[in-house]
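The values are calculated or read from the model by the stated rules, or taken from the named source; none is laboratory data. These figures come from a predicted structure and were not determined experimentally. Cβ placement follows ideal geometry from the backbone for every residue including glycine, while neighbour counts extend to all protein chains displayed.
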Amino acid sequence: MKALHAGTGAQTDMGERFVACFMLAADDAVLPDDPEFRAVLRSYMESAAAEVMAISPQGTVVPDRLSLTLVLGRTRGRVRHLAA
């Protein structure tokens, strides 16, 4: 996934715009409006967008097997992470 976005020269506000669009899509998809769920969802998307923005400058190359971090959910107040 990172190789797909590396070196694209994304505009500096692209990450923020992506997260805003994603959260509106969550509304359109009628995902639960539970505040904790929405906070975890937004946090994950902000983190993923920041990772992508960090490798977006023109000329950036990433190793083929570099992965994004996935947040799968909360278990007893802890966030579980897996690599994709």
Open item on the list: Could you tell me how many of the residues in the range 1-11 are small (Gly, Ala, Ser), surrounded by 12 or more Cβ atoms within 10 Å (Cβ to Cβ) and in a loop (DSSP other than H, G, I, E, B)?
Closed with: 3
Open item on the list: Being part of a helix (DSSP H, G or I) and over 20 Å from Ala49 (Cα atoms) is the filter here; which residues of the range 12-35 pass it?
Closed with: Asp28, Pro35
Open item on the list: Taking the condition of being at positive phi and at pLDDT 85 or above, how many residues in the range 29-84 meet it?
Closed with: 2
